[in-house]
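No lab work stands behind these numbers, since they all come straight from the coordinates. Computed from a predicted model, the values in this text were never measured in an experiment. Ideal geometry is used to build each Cβ from the backbone, glycine not excepted, and the neighbour counts take in all protein chains shown.
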Amino acid sequence: MNATRWAMGVLVATVGLGWAAGLAQAQKYGGTLKALLSDNPPTFSIHETSTYVTMFPMLPMYNNVVGYDSQQPQESLTTLVPQLAESWRWANGDRELVLKLRSGVMFHDGKPFTARDVKYTFDIVRGKGGKQRLRLNPRRQWYFNVEEIVTSGDHEVTIRLKRPQPSLLAMLATGYGAVYPEAMPPDEWRSKAIGTGPFALKEYQRDRYVLVERNPGYWVKGRPYLDAVRYNIIPARAARIAAYKTRDIEIDSPSDTTRPVMESLKPAVPELVFIETPKFTFQNVVINTTKPPFNEPRLRQVVNLALDRKAFAKSVFQGGMIPGGIMLPPPAGVWGLPADRLGTLPGYGDIEKNRAAARAIMAALGYSAERPLKTKLTTRTLANQVDSAIWTVSELKHVWINAEVQQLEAGQFYATLARRDFAFEIHGSTSSADDPDANLYENYGCNSQRNYSDYCVGEVQRLYDAQSETTDLARRLQIVHRIEARMIADVPRVIFGFLIRYNPRQPYVKNYVPTQTGYTFYRMQDVWLDR
């Protein structure tokens, strides 16, 4: 913890040389960046969403108290930089995070930003906002360790913890750390966007675009460079290629360009530049552990054994995937199991032996080729998710599971997940930070709204807490590996692997730097057009 605090202190002291002071290139001002958006945002509320379809167009309108350096492709505690907090320090045995806030910052409606806005936002997110509540709260569990948030005047706020938690800053720095104005009730978060960010909402036309324009009163001098960003909503793949050719798209949605998409774009639009980035985005089958038929643990293991991860990566994503388990594996990530250990766990060995074992389980449960298990596999209407679902349904037939694919658009899909109204489903999930707390508490924590599998095992939850408060990184890694092995055996999800994104951009788009995590590099503050 001391070494981490030292590194963060250096960053705070030298911030004038980096994020807020200017970049080395000779930038140009002006122009409208045209980005691809694959669907209509199901909501404008960042804290109530779990999809980039909301985050991509909304994040440019907000700031966090701290963030990650937008020009660093690898995010970690050593790349943290100030945003609304100009500095921070740990106190009281690392149980208090004291944030010194900037003065003179204004929201888009002209009202001043103060410490009360920080307290207001995160009290609501952690479920302590009194009558002010979120309809959906996927990241409430991130802040279960917060005892209280207190202000000292307009420009200082202290987050008091029940125990040390080194990961708090990492989570505050993600795109899900956006600060909202105290004067704006949560019901308005869903349809309005009033922040302190570099851009302000101009217009939204469903099925057409979201348009954000430069905030002339932005508190970072000289930012943003762009006049506007227009997010063109184009669901169909063929239409996207045409839009790239006509330059109606200049950058892609951050989760859309898999290797198959890249291979189709290269010959069609040869001038495009592709930025290859391993991502903490895992393609996975989420299994409802509380609803028949998969409340039977042996059936979950059947699904795990039936799916050939190597064949999936080769067939559906043309090799554009890194094998892994619960956490992003090295060298792309810090916390995941190494390949040699991963290969010894259920579902990662010889596929024919795995399927034979799966059929033996099915036979013991009374199923056969003549009497298969019939169910539905739910997915989004996005093309790569449908491709994944079709492949999965085909492979499950090897172990006597006949599943029908149910396709839902984004809003209906996430509502279905929130209600747990599915047997199992397939989609791409993303952790907002390469840190165990962000992934484990949100996606697998007891009582987390985004724990769509409803996986909840007391002894495993206690291991989450043990790693969370451990300040020795080597010891923490050992606990995380123990958790990962246990969860792979319990099968709340079947992880196919972690996707490589290829991030196309027109060659004149500058300073757009995708990172290994999701939902953090969308602010567009430093992006400019060289034309």
Provide, in order from the shortest bin, the percent of all Cα-Cα pairs of segment 403-531 in each 10 Å bin, continuing until the bin that contains the maximum pair distance. 10, 32, 31, 20, 8, 1
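Explain nothing, just the number: dipole magnitude of segment 355-492 about its Cα centre with +1 on each Lys and Arg Cβ and -1 on each Asp and Glu Cβ, in debye rounded to the nearest 20. Write out the running numbers ahead of the final one.
Numbers: 15 positive and 18 negative charges, 115 e Å.
Computed about the Cα centre, the dipole is about 560 debye.
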When Lys and Arg each count +1 and Asp and Glu each count -1, what net charge do the other residues less than 14 Å away from residue 381, Cβ to Cβ, add up to? -4
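Ranking request for peptides 488-501, 86-99: highest mean number of other beta-carbon atoms within 10 Å first, then the rest in descending order. Before the final figure, lay out the partial values.
Numbers: 488-501: 23.4, 86-99: 16.8.
Packing order, densest peptide first, comes out as 488-501, 86-99.
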Among 232, 257, 313, which residue has its Cα positioned farthest towards the positive end of the charge dipole of segment 217-347, with +1 placed on the Cβ of Lys and Arg, -1 on the Cβ of Asp and Glu, and the dipole taken about the Cα centre? 313
What is the distance in Å between the Cα centres of segment 371-431 and segment 143-187? 36
Of 495, 30, 422, which is farthest towards the positive pole of the chain's charge dipole, taken about the Cα centre with +1 and -1 on the beta-carbons of Lys, Arg and Asp, Glu respectively? 422
Around residue 194: net Lys/Arg minus Asp/Glu count, Cβ-Cβ under 12 Å: -2
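Please sort 273-282, 432-441 by packing, taking for each peptide the average over its residues of neighbouring beta carbons within 10 angstrom, highest first. Present the calculation step by step, with values, prior to reporting the outcome.
Values: 273-282: 19.8, 432-441: 25.4.
By packing density, highest mean first, the sequence is 432-441, 273-282.
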Lys/Arg +1, Asp/Glu -1 at C-beta; the chain dipole; positive extreme among 480, 366, 99: 366
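Rounded, prolate or oblate: which fits segment 214-288 when a ≥ b ≥ c are the square roots of the eigenvalues of the alpha-carbon gyration tensor, with rounded for a/c under 1.5 and prolate only if a/b beats b/c? Before the final figure, lay out the partial values.
Details: a/c = 2.09, a/b = 1.33, b/c = 1.57.
Oblate shape, in that a/c is at least 1.5 and b/c is the bigger or equal ratio.
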Going fewest to most other Cβ atoms within 10 Å around each Cβ, 513, 66 line up as 513, 66
Tell me, 380, 223 in order of fewest to most beta-carbon neighbours within 10 Å? 223, 380
Against the empirical 2.2 N^0.38 Å scaling, what ratio does the C-alpha Rg of segment 279-501 come to? 0.97
DSSP beta bridges in segment 279-501: the antiparallel percent, rounded to 5, is 55
Need one number: nm distance between label points at residue 478 and residue 188, each 7 Å from Cα along Cα→Cβ, rounded to one decimal. 5.3
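If I take R0 = 56 Å and measure r between the Cβ atoms of residue 406 and residue 92 in this structure, what FRET efficiency does the formula 1/(1 + (r/R0)^6) give, to the nearest 0.05? Let's see the in-between values first.
On the way: r = 51 Å, r/R0 = 0.91.
Between residue 406 and residue 92 the formula returns 0.65.
With a cut-off of 8 Å between alpha carbons and a minimum separation of six or more residues, what is the relative contact order of segment 84-191 in percent?
Details: 154 pairs, mean separation 31.5, N = 108.
Reported relative contact order: 29 percent.
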Assigned charges on the beta-carbon of Lys, Arg, Asp, Glu; the chain dipole about Cα centre (debye): 380
For Cα pairs less than 8 Å apart in space and 6+ apart in sequence, what is the mean separation divided by the residue count of the chain, i.e. the relative contact order in percent? 22
Remind me, relative contact order of segment 279-501 in percent, using alpha carbon pairs under 8 angstrom and six or more residues apart? 37
How large is the Kirkwood hydrodynamic radius of the chain, counting all unique pairs of alpha carbons, in Å? 23.7
Any chance you could count the Lys pairs in segment 279-501 whose alpha carbons are under 30 Å apart, treating pairs 8 or more apart or on different chains as valid? 21
